[in-house]
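I have placed the structure first, in the form of C-alpha cells, so that the comments after it can refer back to it.
Readers should treat all values here as calculations from the given coordinates under stated rules, not as data from a laboratory. Being a predicted model, the structure only gives us computed values, none of them experimental. Cβ: placed from backbone, ideal geometry, glycine included. Neighbour counts: every protein chain shown.
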Amino acid sequence: MRSLLLICAFLGLFVPTLVAQYDQFDFLRKYIDNPSMVQEYQEPPHVPYVPFENVQQAVEGDWEKSPFHLSLDGTWKFYWSKSPMTSPDYFYMNEYDPSDWNEIQVPGTWQMQGYDYYIYRNVPMEFSPYDPPNVPVEFNPTGCYIREFDIPSDWESRKIFLHFEGVKAAYWVWINGEYTGFDKGSMTSSEYEITGKVKPGKNKIAVRVVRWSDGSYLED
C-alpha cells in the first residue's frame with residue numbers, strides 16, 4: 001500500500017545504571033514479547049493507492065509520476081548492534097548527529113549488506129530457547145536507520161501518510177523526534193498519518209528494527 005509519502009522498506013548511549021537498563025528491558029518486553037501488542041498508532045489497512053493530478057495519470061498508474069508521492073528508497077544512515085539494549089539511545093532526536101554511522105541501501109536486508117549473521121532454517125527457530133512468546137533481548141540483532149527528506153510546499157494543505165511495504169520483524173518509527181508508531185507484522189504493510197509531525201522542507205525519519213519478536217514464532 002502506498003500513499004502521499006512512501007517507504008519501501010523495512011538514542012547518545014544508555015545511562016550505565018542498573019535502573020535505566022531495567023526500564024529499557026521492561027519497555028522492550030511490553031512490545032516484542034506481548035502478543036496483544038501487534039501495532040500502535042497505525043491507519044486501518046486498505047487497498048493500495050496513491051492520488052494523481054488527473055485522470056490520465058491515474059489510468060497510467062505510474063506512482064512515480066504523481067506529485068503527491070515521495071519514495072524514501074535509497075541511502076540511509078545505519079547503525080547495527082547485537083541487541084536493542086546496546087543500540088544508541090535518543091538517535092531519533094533531531095539533535096542527534098549520525099555522521100559517523102555507516103550507510104545502507106533501503107529497501108534491502110542488512111545481512112546482504114555486511115551486517116549480522118546469515119541464518120537459514122526451514123523448521124527450527126533461529127534462536128533458543130523455544131519459549132513463546134518470549135524472544136532473546138541480550139542477543140536480538142537491531143538496526144537503527146536515519147535519513148532526511150523534503151516535504152514539498154504544495155503538500156501543506158494535504159494529509160500526509162507514511163507507508164512501509166514491510167519490515168522484518170518489528171520496528172518503531174519517529175518523525176522529527178516524535179514517536180509515530182510501532183508494528184511487528186513483519187512483511188505486511190503498515191501506514192501512519194504524519195500530517196501534524198512534518199513541515200514543508202527538511203524533515204527527519206528514524207526507525208529502530210529488531211530481528212525477532214513474538215511474531216517470529218508464527219513465521220516459522
Notebook entry, point to check: Which lysines have a Cα less than 20 Å from the Cα of Lys202, not counting those fewer than 8 places away in the same chain?
Noted result: Lys77, Lys159
Notebook entry, point to check: How big is the Rg/Rh ratio for the chain, C-alpha atoms only, Rh by Kirkwood, two decimals?
Noted result: 0.98
Item checked: the range 93-161: chymotrypsin sites (Phe, Trp or Tyr not before Pro) in DSSP coil with no more than 10 other Cβ atoms inside 10 Å -> Tyr117, Tyr118, Tyr120, Tyr130
Notebook entry, point to check: From the Cα gyration tensor of the range 23-101, with a ≥ b ≥ c the square roots of its eigenvalues, which class applies: rounded if a/c is under 1.5, or else prolate if a/b is larger than b/c, or else oblate?
Noted result: oblate
Notebook entry, point to check: Taking only the alpha-carbon positions of the range 149-202 and ignoring solvent, what does the Debye formula give for the base-10 log of I(q)/I(0) at q = 0.13 Å⁻¹?
Noted result: -0.35
Note to self: Restricting to DSSP loop positions (anything but H, G, I, E, B) with no more than 16 other Cβ atoms inside 10 Å of their own Cβ, which trypsin sites (Lys or Arg not before Pro) remain in the range 97-167?
What the structure shows: Arg121, Arg158, Lys159
